[in-house]
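First the structure, in the form of structure tokens, and then the observations on it.
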Amino acid sequence: MKKDTRILRAGGKVGDEQIIEAARILREGGTVAFPTETVYGLGADALNEKAVSRIFKAKGRPADNPLIVHVGSKERCMELARNIPEKALLLMDEFWPGPLTLIMERKSIVPDVTTGGLDTVALRMPENEIALELIRQSGKPIAAPSANLSGRPSPTTAEHVLSDLCGRIDAVVDGGEVSIGLESTVVDMTGDTPCILRPGKITKEELEACIGDVRIAYDDKVHPESEIVRSPGMKYTHYSPDSIVILVEGENDAVISRMKELISDFHSRGANVGLLLTDESKRILPVEMTYSLGEKDRPEQAAKNLFSGLRYLDERKADIIIVDGSFYPDGIGKAVFNRVRKAADMIIKV
């Protein structure tokens, strides 16, 4: 049955009536989308099996894809995880609240539906006043994947959430545009050496400055359906619009040259082409439908604009979206490339 999705506009202040109402919905087993600093999440009481199941139903998300549980304090982690290593506590002190998710052994209080049947739980404390106040007011740990239909670009505004999930969820808390635009860094703390399972704003170098050696244990491919994975974002199609996405990677001049060839070829076939460009390329490649990734040497701008750009061009019925892959590839740029490679139907390296 279609739901009457409520829009709650919140300012994030303590005692905000809209957040108090959203917290009530969560306590009663409902689903509420809310902003974090990374993307909008679709939340439910992480310890309520029926409530968490409603997340999967609303998103059309496979049941073996684990969820991240959002908490309001380090102390709450002690209730949900066991055998917490000292290095995890150091990372919490350094990076929480913030865009870092830690995977640890779970306690039995966390239901299987929340963890995708795994023996671990993914925990993070968001750096967003609305999210933190919602957690506090609800009194619950909140399981929350991105608030989009499964496989679609992640939402960075309440409008993106409503485009995908209006009528499928109970409410969305509108807190404006998020500040980062890409999902959190995910680190598995259960082995001898911590492993990055998903890149994000917090980099390997920053983690190692805090706790020493950290391994990279992710790639930019979509893993087979038969494979068991320990983190969201590693399995199934992700971040992809309906349009065909082509990523052109390389130095700026070579990328522009190849994009010109592609644009000419697709136009000759009558295709509607949209371009997701750096500011430098946008000055050289003007077409009817473009969206800016920002300056090529400022990958934090590409992070904030990627998902919005994919949605913008998709909504304007682009048959083909060509993505300019000439932006800076390090720091959060690694995470941007990770997301756009997973979204791409074709990757061209020049």
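How large is the helix-only mean residue ellipticity at 222 nm for the chain, computed as the sum of -39500 (n - 2.57) over DSSP H runs with n ≥ 4, divided by its residue count, in deg cm²/dmol to the nearest 500?
-10000 deg cm²/dmol
Looking at the chain, what % of its DSSP beta bridges pair antiparallel, to the nearest 5?
35
Amide H neighbours of Ile68 under 5 Å, at least 5 residues apart or on other chains, H built in the peptide plane: list them.
Under 5 Å from the amide H of Ile68 lie the amide H atoms of Ala144, each far enough along the sequence or on another chain.
Skipping prolines and chain starts, which residues have an amide H placed within reach, meaning under 5 Å, of the one on Ala81, given they are 5 or more residues away or on another chain?
Result for Ala81 returns Lys107.
Would you kindly state how much longer the chain becomes between Ile20 and Ser53 on full extension, computed as 0.36 nm times their sequence separation minus their alpha carbon distance, in nm to one decimal?
9.6 nm
Explain nothing, just compute: Karplus ³J(HN,Hα) = 6.51 cos²θ - 1.76 cosθ + 1.60, θ = phi - 60°, for every residue of the range 169-175 in order, whole Hz, x for Gly and Pro.
Per residue, the Karplus-derived 3J(HN,Hα) values read 10, 7, 7, 10, 8, 8, x Hz.
Ranked by Cβ crowding within 10 angstrom, fewest neighbours first, how are Met289, Met189, Met259 ordered?
By the 10 Å Cβ count, ascending, the order reads Met289, Met189, Met259.
For a 26 Å ceiling on Cα separation, which of these pairs sit above it: Lys107/Lys140; Lys3/Lys201; Lys50/Lys342; Lys59/Lys204; Lys87/Lys204; Lys74/Lys334?
Long pairs (Cα-Cα over 26 Å): Lys3/Lys201; Lys50/Lys342; Lys59/Lys204; Lys74/Lys334.
Across the range 66-79, in residue order, what do the Karplus-derived ³J(HN,Hα) couplings come to in whole Hz, using 6.51 cos²θ - 1.76 cosθ + 1.60 with θ = phi - 60° and x for Gly and Pro?
x, 9, 8, 9, 9, 10, x, 7, 5, 5, 4, 4, 4, 7
Go ahead and collect, in residue order, the members of the range 320-334 whose backbone nitrogen is under 20 Å from a label point 7 Å along the Cα-Cβ direction of Asp265.
320-326
Rounded, prolate or oblate, given the Cα gyration tensor of the range 1-111, with a/c below 1.5 counting as rounded?
Because a/c hits 1.5 or more and a/b fails to exceed b/c, the range 1-111 counts as oblate.
Within 10 Å of each candidate Cβ there may be at most 14 other Cβ atoms; applying that plus a DSSP loop requirement, which trypsin sites (Lys or Arg not before Pro) in the range 95-180 survive?
Listed in order of number, the matching sites are Lys107.
Given charges of +1 on the Cβ of Lys and Arg and -1 on the Cβ of Asp and Glu, with all other atoms neutral, how large is the dipole of the chain about its Cα centre, in debye to the nearest 20?
For the chain, the charge dipole is close to 900 debye.
Please compute the length gained on full extension between Asp213 and Glu251, using 0.36 nm multiplied by the number of residues separating them and subtracting their Cα-Cα distance.
10.6 nm
With label points built 7 Å along Cα→Cβ from the Cα atoms of Ile244 and Glu315, find their separation and express it in nm.
If labels sit at Ile244 and Glu315, their model points lie 2.5 nm apart.
What are the semi-axes of the equivalent ellipsoid for the range 244-349, taken as the square roots of 5 times the Cα gyration tensor eigenvalues, largest first, in whole Å?
20, 14, 12
Please tell me the relative contact order of the chain in percent, rounded to the nearest whole number, where contacts are Cα pairs under 8 Å and at least six residues apart.
Taking the mean separation of contacting Cα pairs over the length of the chain, I get 19 percent.
Using amide H atoms built 1.01 Å from N in the peptide plane, name the residues 5+ places from Gly294, or on other chains, whose amide H lies under 5 Å from its own.
When sequence neighbours closer than 5 places are left aside, the close amide H contacts are Asp279.
Any read-out appearing in this document is the output of simple, stated calculations on the displayed coordinates, not a laboratory observation. These numbers were taken from a predicted model, which means no experiment stands behind them. Cβ sites come from the backbone with ideal geometry, for glycine too, and all protein chains shown count toward neighbours.
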